[in-house]
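The values are calculated or read from the model by the stated rules, or taken from the named source; none is laboratory data. Because the structure is a prediction, the values reported are computed rather than measured. Every residue, glycine among them, receives a Cβ derived from its backbone with ideal geometry; neighbour counts consider all protein chains shown.
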Amino acid sequence: MSPAQITLGRALDEFEKEFPGIRDRFMVKDTHRRFYLRFLKYDTKGKGRFLARAHFDRGGATLAIAESAPGLRIGRNNSETGILHLEEVSHEEHSAIFFPSYHFPRLTGPEFEPAWHDVTQSSDDQYSEDTARWAIVFFADVYGLPLPSERATHQSWPGIPPSA
């Protein structure tokens, strides 16, 4: 198993305590697992501009493994106002950021809604002349569930208003 698969397995082991069987929906024995490691390049757009518009990832779970610069923002629902705000996350070296994707609530119920997120260019610093930043991301699909449409992943989740 790859380090990303081991990390995902450890996260799922924690969810397994509350949601028995969840690990098996990702780690199906004797079946090709639907795991994808992607290297993402974001073109330079200028400080404060969007590099990736807000969306949910299409599968079951995501691990943000590494990035060359800050810019990943994940939604946090303000319980007092009911408004979803996107907050930049701090990525620590030698750690991955786990967040639920589109199908995760089908395995856990509404307690763990998918993470609404975007990517911005947070400074004028660039990785190269035409690259604002790069990221390495591990996507894990739930076995047996079809991927949602791109349209479905770019609209607000039921019960969560769009970011203000």
When you look at A52, is it in contact (Cβ under 8 Å) with a residue 12 or more places away in the chain and assigned to a strand (DSSP E or B), yes or no? yes
Residue in the stretch 130-152 that is nearest to P100 (Cα to Cα), counting only those that are surrounded by 15 or more Cβ atoms within 10 Å (Cβ to Cβ) and charged (D, E, K, R): D141
Taking the conditions exactly as written (β-branched (V, I, T), within 19 Å of A140 (Cβ to Cβ) and either without any contact (Cβ under 8 Å) to a residue 40 or more places away in the chain or surrounded by fewer than 14 Cβ atoms within 10 Å (Cβ to Cβ) (or both)), does I65 satisfy them or not? no
Pairs under 8 Å by beta carbon, first residue part of a strand (DSSP E or B) in the stretch 109-130, partner modelled with pLDDT of 90 or more and among the hydroxyl-bearing types (S, T, Y), six or more apart or different chains? V119/Y42
